[in-house]
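The values are calculated or read from the model by the stated rules, or taken from the named source; none is laboratory data. From a predicted model like this one, the values you see are computed outputs, not experimental measurements. Using ideal geometry, Cβ is built from the backbone for each residue, glycine included, and neighbour counts are taken over all protein chains shown.
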Amino acid sequence: MARIDVRNVSKAFGAGGHVVALAGINVVIADRELVTLVGASGCGKSTLLNLIAGFEQPTSGEILVDGVPVSRPGPDRGVVFQQTALFPWLSVEDNIAFGLTLKANRHKGSPQAVTNRMLERTGLLPVRSRRPSELSGGMRQRAAIASVLAINPSILLMDEPFGALDSLTRSIMQDFLLEIWEEERKSVLLVTHDIDEAIYLADRTVVMTAQPGRICEVIDVDLPRPRRYAMHSDPRFIALRERVTALVRNEAIRAMSAAQAA
Amino acid sequence: MCAAPADANPTYHKRAATPLFAGWRRAALMLQYAAFPVLVLILWQVFSSVGFVRRNVLPPPSDVIAVWYDLVTGATDVAARYSGTWLDHAWASIWRVFAGFAWGVSLGIFFGLIIGLSRIMERVFDPTIQVMRNIPVTAWVPLSLVFFGIGNAPAIFLIGLGAFFPTVVNTTHGVRQMNLTLYKAAQMMGASEGELTRRVILPAALPSILTGVRLSMGIAWVLVVVAEILAVRSGLGYLLNDAYLFYRNDVVIAAMLSIGLLGFLSDRLVVLVRHYLLAWNVKETFGGQD
C-alpha cells in the first residue's frame, strides 16, 4: 500500500522566497498507480518530485505518504535520477546490492539472493562484474533501476529517467519499465518532458504550467494495458498527444513571453 | 535481409612481426630510454678523470659507485669512517619519513573530511589552515628544535606538518567535488551518517586524497634531509652533511643518489597503491590515469 497525497504545496526559493517554483499543488497518486508529470522545462516538475522524495521541504502545504508527512528521504520512496546514480568504484552487482547491505535494509533479505534475481530480471547477468563506466547508457539506467528496486520501495519516483538516452533505447526502456511495473505494481511518479513518453506509460498524466509551477490539467489515459509500442499510432493516443502538446506548448510560449515582458 | 554478414567479426591483420623486426624495435626502444643517462654518465666520467676539476671536488661516477658499494657492504673500506653504515642511515630516514607521514596524512584526511562536509567546521578551521599552509615548512625548523630538542621528534613533526597541508587541502577538494546524485541516492536508500562517510564520501574523495598523499610523499623526503642535517645524528641527511664537513664529496653524492632512489621508490609505492585502489577511476584523458 502506498498512496501519495500532495496537499496545497508551495515551494519558493531565493532570498525572501521571491522565486516561486510551485504554487498550490494538489495531486493524489493512488496505490499502484502510474502517474506521469509533464511540462515545459522550468515548470517545477523536478522540484515536486524532490519534495515527495524528501530532499527538500515545502514552503507551505504538506505531503503525506500513506497518511504520514514526509520529512526526509527514505527507502520507502525509491528515486531513479536522470544522471544514473551508480557508484563508479563498485561493480554492477555490488551497486545493486548496495542498498541491501545498509543497516536500514538488513531485514529485507539476503543481498546475494536479491541481487541475483535483479541481475536476471534486468538482463544484466553477463555484465555483473563490470563497472558502470564499461556499460552502455541503457544498461547503466537498467542497473540504476535494479539498484532501487532491490530495496523494494513501495513508491518509485523517477526524474526524467530516460532523458539522457537516445530515442531508440528510450522506447525500449519504456517497455522495460512497464514490464517491471506490471509485475511489481508499485506506485510510480515519473517526471518527463517527452509527451509521448508521458502518455504511453501513464494511467494519468499531470500537465504542469510554469512560473509559478501549477497543475494545468490532469488527463486520464484510457489506453488498454498492457501497453504495446503499436499504440503510438492508435487514434486515442494521437488525440491525447495533440491535447497534451497544445497545453504544454501554449504554456511554454506564454511563460517565455512573460519572461521577456518582465 | 538484415542478417549479419558471414564475417561479422573481421580480424584486422597487423604487419607480421618477424623475430628480427621485433628485436630491432626493442633495441630502438632501449636506446631511446638509455641514450641520455648514458651520455651524462660518460661526460661526467671524462670530465672528472681528465682533470678539468679535481677528483675530490667532483669525483667521477666510478668513484661514487665504488664508495657506494663500500657504504652498503663495508667490504672495501674506501668509505673509511662511513664504511658499512648505509643500511642504518637509510633505515633511520625511511622510518622517520613514514612515521611523520602517518600522522600528517591521517590528520589531514580527518580535517579534510570534516571541513569538506560541514560549513561550520570550514569556518572554524579553514582560515587557519589556509594561512598556516603558506608558511614554508622549513620555516618551522627553529621552533621545532626549541620545542622538541635534538632527536627524532622534530624530524617527525616537520615531516608530518609537510604531509598534513597537501592532504587536508586535497581531501577537502575531493569531498567538495563529489557527485551530489550519489550522495542523494545513498541517503534515499537509508544510509546512516556513518555509512555515507565510509561508503560514499571516502571512496568518492579517494582519487583526490591520494593526489594529496603523493604530493606529501615528495615533500616528506625534502624535510627528512633538512631535519637530519640540523636535528639528528643519523639518517641519509646526516650522512650527507657529515661527509660534506669531512670533504668526502664521493660520499655526499652517494648519499644524494640514495635519497633520490628511496624517494623514487616511495613514490612508486604510492602510485602502486593508487592503481590498486583506483582501478575504477580510469578516465579518458590524454595522459591516462596519472
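In table form, for the structure just shown:
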quantity	calculated
B:T211 being part of a helix (DSSP H, G or I), more than 30 Å from B:M256 (Cα to Cα) and hydroxyl-bearing (S, T, Y)	no
Lone qualifier among A:T84, A:T59 - being touching a residue at least 12 places away in the same chain (Cβ under 8 Å) and within 14 Å of chain B (Cβ to nearest Cβ)	A:T84
A:V35 vs. criteria β-branched (V, I, T), surrounded by fewer than 24 Cβ atoms within 10 Å (Cβ to Cβ) and either under 16 Å from B:L180 (Cα atoms) or within 13 Å of chain B (Cβ to nearest Cβ) (or both)	no
Region A:119-130, residues that are within 14 Å of A:S91 (Cα to Cα) and touching a residue at least 24 places away in the same chain (Cβ under 8 Å)	A:L119, A:L124, A:V127, A:R128, A:S129, A:R130
Residue that is in contact with a Ser or Thr (Cβ under 7 Å, 6 or more places away or on another chain) and touching a residue at least 24 places away in the same chain (Cβ under 8 Å), where the choices are B:A155, B:A163	B:A163
Qualifying residue in region B:201-210 (condition: in contact with a Gly (Cβ under 9 Å, 6 or more places away or on another chain), of a type in the set (G, A, S), closer than 30 Å to B:L58 by Cα and in contact (Cβ under 8 Å) with a residue 24 or more places away in the chain)	no
In region A:62-73, the residues that are free of Cβ contacts under 8 Å to residues at least 40 places away in the same chain and buried (at least 18 other Cβ atoms within 10 Å of the Cβ)	A:V70, A:P73
Pair list, Cβ < 8 Å and 6+ apart or interchain, from region A:227-238 residues that are farther than 17 Å from A:I172 by Cα and at pLDDT 90 or above to residues that are assigned to a helix (DSSP H, G or I) and not β-branched (V, I, T)	A:F237/A:Y200; A:F237/A:M231
Residue list for region A:180-212, restricted to those being among the charged types (D, E, K, R) and in contact (Cβ under 8 Å) with a residue 24 or more places away in the chain	A:E182, A:E184, A:R185, A:K186, A:D194, A:D196, A:E197, A:D203, A:R204
Selection count where residues are in contact (Cβ under 8 Å) with a residue 12 or more places away in the chain, under 22 Å from B:V53 (Cβ atoms) and part of a helix (DSSP H, G or I), scope region B:242-273	10
Answer residue from region A:87-114, given it is within 14 Å of chain B (Cβ to nearest Cβ) and hydroxyl-bearing (S, T, Y) and is surrounded by the most Cβ atoms within 10 Å (Cβ to Cβ) among those	A:S91
Which listed residue is part of a helix (DSSP H, G or I), within 10 Å of chain A (Cβ to nearest Cβ) and touching a Leu at 6+ places or on another chain (Cβ under 7 Å), from B:A185, B:A204	B:A204
Residue list for region A:201-237, filter: in contact with a strand residue (DSSP E or B) (Cβ under 9 Å, 6 or more places away or on another chain) and not in a strand (DSSP E or B)	A:L201, A:A202, A:D203, A:A210, A:Q211, A:P212, A:V221
Close pairs from region B:42-64: first within 15 Å of B:A254 (Cα to Cα) and of a type in the set (S, T, Y), partner at pLDDT 85 or above and not in a loop (DSSP other than H, G, I, E, B), Cβ under 7 Å, at least 6 apart	B:S62/B:Q45
Pairs where the first residue, in region A:131-146, is farther than 20 Å from A:G99 by Cβ and more than 12 Å from chain B (Cβ to nearest Cβ) and the second is in a helix (DSSP H, G or I) and not aliphatic (A, V, I, L, M), C-beta under 9 Å, 6+ apart	A:S136/A:T169; A:G137/A:T169; A:G138/A:T169; A:G138/A:R170; A:G138/A:F176
Enumerated helices (runs of 4 or more DSSP H) restricted to region B:76-163, each holding at least 2 residues that are at pLDDT 95 or above, in contact with a Pro (Cβ under 9 Å, 6 or more places away or on another chain) and among the charged types (D, E, K, R)	none
Hits in region A:33-48 (condition: of a type outside the set (G, A, S) and either in contact with a helix residue (DSSP H, G or I) (Cβ under 9 Å, 6 or more places away or on another chain) or at pLDDT 95 or above (or both))	A:L34, A:V35, A:T36, A:L37, A:V38, A:C43
Segments classed as strands (runs of 3 or more DSSP E), wholly inside region A:51-164, with at least 1 members that are over 16 Å from the mean Cα position of the chain (by Cα), of a type in the set (A, V, I, L, M, F, W, C) and over 24 Å from A:D175 (Cβ atoms)	A:60-65
From the options A:A15, A:A53, residue that is at pLDDT below 90 and either buried (at least 16 other Cβ atoms within 10 Å of the Cβ) or more than 28 Å from A:L223 (Cα to Cα) (or both)	A:A15
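A quick yes/no check of all residues on (1) buried (at least 21 other Cβ atoms within 10 Å of the Cβ); (2) in contact with a Cys (Cβ under 7 Å, 6 or more places away or on another chain); (3) at positive phi:
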position	(1), (2), (3)
A:G138	no, no, no
A:P153	yes, no, no
A:A164	no, no, no
A:S167	no, no, no
A:D175	no, no, no
A:E179	no, no, no
A:R185	no, no, yes
A:I195	yes, no, no
